[in-house]
Amino acid sequence: MTDVKPKLLIVEDDEGLQRQLRWAYDDYEVIVAGDRASAIDALRLHEPDVVTLDLGLPPDPDGVEEGFATLAEILRLKPGTKVIVASGHGARESALRAVASGAYDFYAKPVDIDQLGLIVSRAFHLHAIEADNARLASATDGEPLLGGLISAAPEMLKTVRTVERVATADVSVMLLGASGTGKELLARGLHDASGRRGGAFVAINCAAIPENLLESELFGHEKGAFTGAVKTTEGKIELAHGGTLFLDEIGDVPLALQVKLLRFLQERTIERVGGRKSIPVDTRIVCATHRDIDAMVADGSFREDLYYRLAEIVVRIPSLAERPGDASLLARAFVKRFAASMKSEVTGLSPDALTALDAWNWPGNVRELENRVKRAVIMADGKLVTAADLDLAGGEGGDDPINLRAVREAADRQAIVRALARSEGNISGAARLLGISRPTLYDLLKSYEIAA
């Protein structure tokens with residue numbers, strides 16, 4: 001049995017060039033189309049991974065707007081498609097616009113078959129890598145990652161893998177990300193994966209403590225150092241000896257205290273407020289901020305020398321809006337947690353809730369999602385949380401499916417996920433709800449790569 005060839009769609013209105021390109025690529029199953037309508041028909045029927053698209057299509061072969069409309073529709077129907085755009089009309093301007101619109105690459109006419117062949121080959125290679133990553137992500141669907149994080153998004157999985165790699169190296173780490181993205185969870189996970197896991201993980205939110213108390217909280221104080229100091233107290237830095245100190249919202253530390261922090265990082269000793277004794281402290285520093293720390297360094301509100309001491313490794317955390325699919329994944333986990341803690345009969349999320357979760361842009365990130373789900377579990381009238389319970393717009397409508405197979409697959413996935421949620425993961429119970437046998441359900445779980 002011969003291997004199935006990857007499918008390449010060539011959208012080109014010049015019949016001579018069509019024939020030339022069709023026979024140039026023996027390694028692919030080549031489909032050709034001469035206009036937008038036939039291109040979209042071919043896309044729906046064949047679902048090619050790579051498309052070459054001439055921007056000059058009828059009824060406007062001397063312009064580019066019909067080509068850009070075709071590009072937009074291809075990416076809307078099949079977002080992962082690698083589209084390689086060609087045009088002889090204002091090549092540079094069209095190239096920039098095409099790439100900004102989501103095209104994978106660009107080449108200018110007249111066509112160089114060998115050069116285009118290399119671009120096409122790279123596009124197929126990249127598509128295959130992305131597909132493998134998506135399958136790996138799906139395999140971890142719903143499983144807690146480092147620090148208890150839940151994600152199947154490649155962007156977040158990459159961040160987690162970075163943190164896992166640096167955990168074993170005893171260097172300072174700075175986590176950058178918007179509020180509510182899970183910076184403290186990652187910091188705890190980093191500590192647990194490090195050689196200091198046997199020591200304490202001590203966290204302090206630098207933005208939550210008044211400036212006049214922050215020094216004492218960090219460095220501790222001696223008895224009588226100030227009014228109300230009735231006993232000697234160890235600070236957070238001292239308490240983290242042998243472990244990890246997590247300085248959340250480090251960008252809110254005032255300049256005067258930044259100097260003292262820098263001295264500690266240089267000398268690895270502290271003096272308590274009101275004290276004279278130098279106390280050696282061995283701790284790893286992990287810090288985080290939602291602020292633009294580079295801009296703060298540039299304008300002088302954050303010391304550059306302190307920044308380089310704290311940011312030996314910088315890890316940027318994607319927002320929830322940059323993690324496709326994670327909102328629904330996290331929401332299911334939150335529903336399960338809150339339903340159990342509140343002894344609620346809620347078992348899952350309705351279809352309109354799932355669609356609304358994926359459509360929302362989550363300005364408050366995971367913290368906002370958690371709060372909405374908690375409230376929804378309390379307010380839900382039925383066993384499924386709805387979009388209205390989440391106080392989100394309903395999810396009717398949405399993008400058109402690419403073809404009937406995609407519609408069936410989406411419906412199957414949704415039905416299986418709902419059945420598993422209602423049966424609390426029991427395969428026999430889910431199979432009964434779906435009206436199928438257990439072996440059939442196992443086959444569907446494997447086929448759709450759904451974690452039971």
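The values are calculated or read from the model by the stated rules, or taken from the named source; none is laboratory data. Since the model is a prediction, treat every value here as computed from it, not as a measurement. No Cβ is skipped: glycine too gets one built from the backbone with ideal geometry, and neighbour counts run over all protein chains shown. What goes into the accessible areas is simple: the full protein's heavy atoms, side chains included, and nothing from ligands, DNA or RNA. Shrake-Rupley method; radii C 1.70, N 1.55, O 1.52, S 1.80 Å.
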Fill in the blank from the handout: Checking region 219-273 for GluC sites (Glu not before Pro) in a loop per DSSP with at most 16 other beta-carbon atoms within 10 Å yields GLU234, GLU271
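Could you put MET296, MET379, MET342 in order of accessible surface area, largest first, with the 1.4 Å probe and the full protein assembly present?
On the way: MET296 20, MET379 115, MET342 70 Å².
These residues rank, largest area first, as MET379, MET342, MET296.
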Practice task
Express the accessible area of region 227-271 per residue in Å², computed with a 1.4 Å probe while the remaining protein chains stay in the model.
Solution key: 43 Å²
Completion exercise
Descending accessible area (1.4 Å probe), largest on the left, turns ILE84, ILE129 into ILE129, ILE84
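With both bridge residues required to lie in region 215-305, what share of the DSSP beta bridges run antiparallel, to the nearest 5%? Write down the numbers at each step before the final one.
Values: 3 of 9 bridges.
Antiparallel bridges make up about 35 percent of those DSSP assigns within region 215-305.
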Problem - Accessible area (Å², 1.4 Å probe, nearest 10) - VAL314 - result: 60 Å²
Problem - Centre separation in Å (Cα based) which lies between region 161-231 and region 251-280 - result: 14 Å
Handout entry: Under-5 Å amide H pairs with VAL32, H placed in peptide plane, nonlocal only
Key = ILE10
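Treating only the Cβ of Lys, Arg, Asp and Glu as charged (+1, +1, -1, -1), what charge dipole size does region 258-406 show about its Cα centre? Round to the nearest 20 debye.
Details: 22 positive and 22 negative charges, 224 e Å.
Around 1080 debye, computed over region 258-406.
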Handout entry: Per-selection metrics, region 239-300 (Cα): Rg and Dmax in Å
Key = 13.0, 37
Practice task
Set the Förster distance to 60 Å, then compute FRET efficiency between LEU213 and GLU15 from the Cβ-Cβ distance, nearest 0.05.
Solution key: 0.15
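Could you tell me whether region 7-132 comes out rounded, prolate or oblate from its Cα gyration tensor? Rule is a ≥ b ≥ c as square roots of the eigenvalues, rounded for a/c under 1.5, then prolate if a/b exceeds b/c, otherwise oblate. Kindly include the intermediate steps, with their values, before the conclusion.
Details: a/c = 1.25, a/b = 1.17, b/c = 1.06.
In terms of gyration-tensor shape, rounded.
What does the net charge come to around MET379 if you take all other residues with beta carbon closer than 11 Å to its beta carbon, with K and R at +1 and D and E at -1?
Values: positive: ARG372, LYS374, ARG375; negative: ASP381, ASP389, ASP391.
Local charge sum for MET379: 0.
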Exercise for the section: Go ahead and collect, in residue order, the members of region 325-350 whose backbone nitrogen is under 19 Å from a label point 7 Å along the Cα-Cβ direction of ASP358. Expected result: 325-335, 348-350
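Counting other Cβ atoms within 10 Å, which trypsin sites (Lys or Arg not before Pro) in region 163-194 have at most 14 and lie in a DSSP loop?
Numbers: sites: ARG165, LYS183, ARG188; in loops: none.
Within region 163-194, no trypsin sites (Lys or Arg not before Pro) qualify (loop, at most 14 other Cβ atoms within 10 Å).
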Handout entry: Spacing of the two label points (7 Å from each Cα toward its C-beta) at SER437 and GLU267, in nm
Key = 7.7 nm
Problem - Per DSSP, loop trypsin sites (Lys or Arg not before Pro) in region 312-362 with at most 15 further Cβ within 10 Å - result: LYS343
Completion exercise
The simple spin-label model distance between ARG197 and LYS343, using points 7 Å out along Cα→Cβ, in nm, is 3.6 nm
Problem - Estimated distance in nm for a label pair at SER278 and MET296, the labels positioned 7 Å out from Cα along Cα-to-Cβ - result: 2.8 nm
Practice task
Have a look at the DSSP beta bridges in the chain and tell me what percent are antiparallel, nearest 5.
Solution key: 10 percent
Practice task
Any lysines with Cα under 28 Å of the LYS343 Cα? List them, leaving off those in the same chain fewer than 8 positions away.
Solution key: LYS374, LYS383
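Pairs of alpha-carbon atoms within less than 8 angstrom and 6+ residues apart define the contacts here; what relative contact order does the chain have, in percent?
Details: 754 pairs, mean separation 54.8, N = 452.
Worked out over the chain, it gives 12 percent.
Go ahead and run the numbers for FRET between SER428 and LYS5, Cβ-Cβ distance against an R0 of 56 Å, rounding to 0.05. Can you show the working numbers first?
On the way: r = 41 Å, r/R0 = 0.73.
For SER428 and LYS5, the calculated efficiency is 0.85.
Give me the extension gain from VAL230 to ALA406: residue separation times 0.36 nm, minus the current Cα-Cα distance, reported in nm with one decimal. All intermediate terms of the calculation are to be shown ahead of the outcome.
Details: separation 176, 0.36 × 176 = 63.36 nm, distance 6.96 nm.
Between VAL230 and ALA406, full extension yields an extra 56.4 nm.
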Handout entry: the chain, dipole about Cα centre (Lys/Arg Cβ +1, Asp/Glu Cβ -1), debye to the nearest 20
Key = 2280 debye
